[in-house]
Structures are given as structure tokens and as C-alpha cells.
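**Q** Pasting a structure here, questions to come.
The values are calculated or read from the model by the stated rules, or taken from the named source; none is laboratory data. Everything quoted here is computed from the prediction, not taken from an experiment. Virtual Cβ from ideal backbone geometry, glycine too; neighbours counted across all protein chains shown.
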Amino acid sequence: MAHKVLIVDDNPSVRRAIRSSIEQRAEWIVVGEAENGKIAVVMVGTHQPHLVILDLSMPVMNGIDAAREISKVYPDMPMIMFTLHAHDALYEVARSVGIKHVFSKAEGMGERVFDAMRKLLPT
């Protein structure tokens, strides 16, 4: 059975790239995409993903606020932040709202990201 992933990023090109990377691997399936955190909060309830990949900077509701809201309802939801704005101060804030890992988009959807996903979603 494939693990379900929700992708949250305001840039459609980034969402497509992440989706493409994920869909090349049989162990995951993308169940939805959201362009902001507010939509993501609703989609988590609708699609019941096993993992959420969030951007930080988005209109309407950013990734930190979305993670905070998701964690209130789904405290065990695995979340990864994939952002251009990865820095040490962000890691601490991200972890405080339930995000398990923060990765820089500059590094791409490489094996480090997939390894983290595998650890969060054991088979």
C-alpha cells in the first residue's frame, strides 16, 4: 500500500516538481495539492494523508501556521517543511509546531528528503 502525501506550496511549478519526484517512487502517492496553508488544513481532513510537505512562505496562511492548525487536530501527523527560507532559527520554530524536518529547496527533492519521508512513514 502506498503512503499518501499532501503537497502544500503556492508555486504551481514547485508543486508539479515535487509531485513528479514523489510519483516516480511506488511507495508514495500524492493525494492532493494546496496553494496555501488554509486550504491545506481543510485538505488534511478531507484526504487523510499520511504525510504533509509544506512550504513556509505562502499567502493566506503560511506553513508554520498551517502546521500549528493541523497539529491541533492531528497531533501525530508527520510534516516536512520544504522551503527556500531554511535557516537555523526556522528549525526550532518548525519543530515547536509539529514539523519533523526542514529542507532547503535549493538542495532539491533529493535522497535526504526521501530518507526523512521513509523514516516518518515506516512500512
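**Q** Let me spell it out: the conditions are (1) over 14 Å from the mean Cα position of the chain (by Cα); (2) more than 16 Å from V8 (Cα to Cα), and R118 meets all of them except one. Which number is the exception?
**A** (1)
**Q** Restricting to the range 114-123, give me the number of residues that are surrounded by fewer than 20 Cβ atoms within 10 Å (Cβ to Cβ) and touching a strand residue (DSSP E or B) at 6+ places or on another chain (Cβ under 7 Å).
**A** Residues flagged as surrounded by fewer than 20 Cβ atoms within 10 Å (Cβ to Cβ) and touching a strand residue (DSSP E or B) at 6+ places or on another chain (Cβ under 7 Å) within the range 114-123 amount to 3.
**Q** Then there is this: Quick check on F82: is it in contact (Cβ under 8 Å) with a residue 40 or more places away in the chain, in contact with a helix residue (DSSP H, G or I) (Cβ under 8 Å, 6 or more places away or on another chain) and of a type in the set (F, W, Y)?
**A** Criteria met by F82.
**Q** How many of the residues in the range 43-79 are closer than 20 Å to A2 by Cα and modelled with pLDDT under 95?
**A** The total comes to 1.
**Q** Related question: Could you look through the range 60-101, keep only residues that are β-branched (V, I, T), within 12 Å of the chain's Cα centre (by Cα) and under 16 Å from I39 (Cβ atoms), and pick out the one that is surrounded by the most Cβ atoms within 10 Å (Cβ to Cβ)?
**A** Filtering first and then ranking leaves I70.
**Q** Mind listing just one residue for me: the one in the range 29-59 that is crowded, with 22+ Cβ neighbours inside 10 Å and of a type outside the set (A, V, I, L, M) and, of those, nearest to R16 (Cα to Cα)?
**A** So the residue we want is D55.
**Q** Now for a separate question. Would you please list the contacts, defined by Cβ atoms under 9 Å and residues six or more apart or on different chains, that run from a residue in the range 1-20 that is assigned to a loop (DSSP other than H, G, I, E, B) to a residue that is among the aromatic types (F, W, Y)?
**A** That search, which allows pairs on different chains as well, returns A2/W28; D9/F82.
**Q** Give me a count of the residues in the range 61-111 that are in a loop (DSSP other than H, G, I, E, B) and β-branched (V, I, T).
**A** Number of matching residues: 1.
**Q** I want to confirm something. Restricting to the range 7-20 and keeping residues that are out of contact with any helix residue (DSSP H, G or I) (no Cβ under 6 Å at 6 or more places or on another chain) and closer than 19 Å to P78 by Cα, which single residue is surrounded by the fewest Cβ atoms within 10 Å (Cβ to Cβ)?
**A** Of everything passing the filter in the range 7-20, R19 is surrounded by the fewest Cβ atoms within 10 Å (Cβ to Cβ).
**Q** Any residue that is outside any helix (DSSP H, G or I) and at pLDDT below 95 - is there at least one of those in the range 32-42?
**A** Checked against the condition, which is being outside any helix (DSSP H, G or I) and at pLDDT below 95, the range 32-42 yields no hits at all.
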